[in-house]
Amino acid sequence: MPILEWDDSYSVGVELIDSEHKQLIGMINKAYDSIKNMEEEKVLVELVKDMNAYAAAHFGTEEKLMKEHGYPASEGHLKMHDEFAIKAKTLHNFVRSENEIEPVKVFKFLADWLRDHILKTDKDFGKFLNEQGVR
Ligand SMILES: [Fe+2]
Ligand SMILES: [Fe+2]
């Protein structure tokens, strides 16, 4: 079962952002499944690495749009992205070092974080972009 599932209620009204969110959610699910299915550790390492890289690129997309359109609430929004990146890095380190932190818990945190962030922070931003004519 996926840890997080995209549906229309997650739409922020901007096509590019929606498609990146779908992709990111898919990547979290894939990495999470790989733990659940007890796949080889190197598989998980790669999936987590890819997910972190994709998250960073996605945050870059949003940051670029914020700059382009002079988004007034960008500072707080970008701080939240940093929070995700730091936590995701913990997961990355964990997978590599095989210590005893429960990775499932970290995935749950990331999935919950992403859901709340999309539904509130990214939606606020999407609304602002819509007002600027960006769809
Ligand atoms: Fe986002
Ligand atoms: Fe965001």
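Every number here is computed from the coordinates shown, using simple stated rules; none is lab data. Please read these numbers as outputs of a predicted model, since none were measured by experiment. Cβ coordinates were reconstructed from backbone atoms using ideal geometry, including for glycine residues, and neighbour counts include every protein chain displayed.
Relative to the longest principal axis of the Cα atoms of the chain, the long axis of helix 74-97 lies at roughly 10 degrees.
Rg over Rh of the range 7-135, using C-alpha atoms and the Kirkwood radius, what does it come to? Intermediate values should be presented prior to the final figure.
On the way: Rg = 15.4 Å, Rh = 15.3 Å.
Computed over Cα atoms, the ratio is 1.01.
Of all lysines in the structure, the ones whose alpha carbon falls short of 29 Å from that of residue 127, not counting any fewer than 8 places away in one chain, are 22, 64, 67, 79, 87, 108.
For the range 33-135, GluC sites (Glu not before Pro) are listed when DSSP marks them as loop and at most 14 other Cβ atoms sit within 10 Å of their Cβ; the list is 39, 40, 98, 100. Taken along the Cα-to-beta-carbon direction at a fixed 7 Å, the label points for residue 45 and residue 57 span 2.2 nm. Positive end of the dipole of the range 1-110 (Cβ unit charges, origin at the Cα centre): among 109, 58, 1, the Cα lying farthest that way belongs to 109.
Per residue, how much space in cubic angstrom lies within the convex hull of the C-alpha atoms of the range 1-76?
99 Å³
For the chain, the relative contact order comes to 38 percent (Cα pairs under 8 Å, sequence separation of at least 6). What is the local net charge at residue 6, summed over the other residues whose Cβ is closer than 12 Å to its Cβ (Lys, Arg +1; Asp, Glu -1)? My count for the surroundings of residue 6 gives -3.
Nearest 10 degrees is fine. How inclined is helix 41-69 to the longest principal axis of the chain, computing both from alpha carbons? Once rounded, the angle reads 10 degrees. Rounded to the nearest 20, the size of the Cβ-charge dipole of the chain about its Cα centre is 160 debye, with Lys and Arg at +1 and Asp and Glu at -1.
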